[in-house]
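Quick one: structure below, then a few questions.
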Amino acid sequence: MHRRDFLRTGGAFTGGVTLTGCLETLGFQTKSAWRDPPLVKNRPNAVYYPAYVEEMGMYGMATDGDYRFALMYSFPHRFWNVTGQTGNKVVVHSDDSLHIMVSLWDLKTETVLPADIQMTIKKDGKTVTNRVPWPMLSQNMGFHYGDNISLDGEGSYTATLQVSSVQTKQTGAFASRFTKQGSVDIPFKFDTDEVYGLQFRRLGEKQGTRGAIEPMMKNVPAGRAPKPKSLPGRMIGTKTSGDADFVVTLLEGANRFTENETPYVAVSPRTPYNRIVLPRMSLSATLKRKGSTIANGSLAPSLDPELDMHYGMPLKDVQSGDTLQITVDSPPQLARHDGYETAFMKMPPMTFTV
């Protein structure tokens, strides 16, 4: 297979020494580097620069209706699954061939879509693996789906990627879309030399400091939330919890989210630095006036062309000077790569003044 559309990580970060090369040129035994890559010591409970960055390769893209898929790969590497408020490290196993990554987005708007993806990989017509890849956050890719997988040696494979529909509430121009199944086949060739040849870059002084590298995909959206100034409605404010930024806006008068001009509050959580959306959270809101509770309830996860992935609810009786408390009932149930695994876990309530 020819190497194609690789997502290069060349160049250095300002303020730190960077070593770049494939695993062998950096003195690593390939599989030992996969199984135990460097990990920052004394990691902050926040987003931080990881100890290393690895290159990604592109196997292909395909479209079915409104859905656009991309299939990418890199070294097998550790990640952390999240259950409730607990992160559990997933280690690399000796038979892992590569880390497979899937991105899913709307072809028209390039909005990254929260959904469940079924992935079946076959070789010579025989199923090698059949699984639902984890929804994930990484600094390289933003929001995507991925897992470490074992393949049946080198050769030609076909990955079938399926999405049944987007289950999140959809509004505006999205209301009648993403309701049907999408399915694509992406053929690829697995060549261990290509995986071994991917660039592996150690970060220097920046590793472990607060910050994040820029997503590095070409022609693949990372899932960035809109800038606060571009959100519709009256901006209430931005506050931080668990190192995530929460932007709150209030849509008053006639709007597409409620009937009878009932105001609608929208909460848009995102990562710091890169504004990556944070789906799969549970949020609730309490509206108070002079110490008395006026309204409370759960914020529904929703997908909108202007608000993107957000959480919202109607507020029938809201006045200037009221206080709005946003509570994170469950942090993002997303697997995380290095640099995100310690953030977005303990997330105290936030209070805004309307």
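Only one of (1) open to solvent by 30 Å² or more (accessible area, probe 1.4 Å); (2) part of a loop (DSSP other than H, G, I, E, B); (3) of a type in the set (S, T, N, Q) is not met by THR293, so which one is it?
(2)
Out of ARG280, ARG289, ARG270, I need the residue that is touching a residue at least 24 places away in the same chain (Cβ under 8 Å) and in contact with a Gly (Cβ under 8 Å, 6 or more places away or on another chain). Which one?
ARG289
Please note which strands (runs of 3 or more DSSP E) are completely contained in region 180-267 and include at least 3 residues that are at pLDDT below 95.
200-202
Those residues that are of a type in the set (Val, Ile, Thr), open to solvent by 60 Å² or more (accessible area, probe 1.4 Å) and either in contact with a Pro (Cβ under 7 Å, 6 or more places away or on another chain) or part of a strand (DSSP E or B) (or both), I need them from region 126-177; list them, please.
Here is the first cut: in region 126-177, the residues of a type in the set (Val, Ile, Thr) are 127-129, 132, 149, 158, 160, 163, 166, 168, 171.
Pick out the ones that are also open to solvent by 60 Å² or more (accessible area, probe 1.4 Å) and you get 127, 132.
Of everything in region 126-177, just one residue is of a type in the set (Val, Ile, Thr), open to solvent by 60 Å² or more (accessible area, probe 1.4 Å) and either in contact with a Pro (Cβ under 7 Å, 6 or more places away or on another chain) or part of a strand (DSSP E or B) (or both), namely THR127.
Looking at LEU299, LEU250, LEU324, can you tell me which residue is touching a strand residue (DSSP E or B) at 6+ places or on another chain (Cβ under 9 Å), free of Cβ contacts under 8 Å to residues at least 40 places away in the same chain and crowded, with 17+ Cβ neighbours inside 10 Å? Show your work before the answer.
Numbers: LEU250 fails: free of Cβ contacts under 8 Å to residues at least 40 places away in the same chain; LEU324 fails: free of Cβ contacts under 8 Å to residues at least 40 places away in the same chain.
None of the other options fit; the residue is LEU299.
Please pick out the residue among LYS346, LYS288, LYS316 that is within 22 Å of THR171 (Cα to Cα) and either open to solvent by 20 Å² or more (accessible area, probe 1.4 Å) or acidic (Asp, Glu) (or both).
Details: LYS346 fails: within 22 Å of THR171 (Cα to Cα); LYS288 fails: within 22 Å of THR171 (Cα to Cα).
Only one candidate passes the filter, namely LYS316.
Under the condition of being open to solvent by less than 20 Å² (accessible area, probe 1.4 Å) and assigned to a loop (DSSP other than H, G, I, E, B), which residue from region 100-125 is farthest from MET217 (Cα to Cα)? Talk me through it step by step, then tell me what you get.
We begin by selecting, within region 100-125, every residue open to solvent by less than 20 Å² (accessible area, probe 1.4 Å); these are 100-106, 111-115, 117, 119, 121.
Applying the additional criterion that residues be assigned to a loop (DSSP other than H, G, I, E, B) yields 111, 113-115.
Values: THR111: 15, LEU113: 17, PRO114: 18, ALA115: 20 Å.
Among those that are open to solvent by less than 20 Å² (accessible area, probe 1.4 Å) and assigned to a loop (DSSP other than H, G, I, E, B), it is ALA115.
The values are calculated or read from the model by the stated rules, or taken from the named source; none is laboratory data. Source: prediction; values computed, not measured. Backbone-built Cβ (ideal geometry, glycine too); neighbour counts: all protein chains shown. Accessible surface areas use protein heavy atoms only, side chains included; no ligands, DNA or RNA. Shrake-Rupley method; radii C 1.70, N 1.55, O 1.52, S 1.80 Å.
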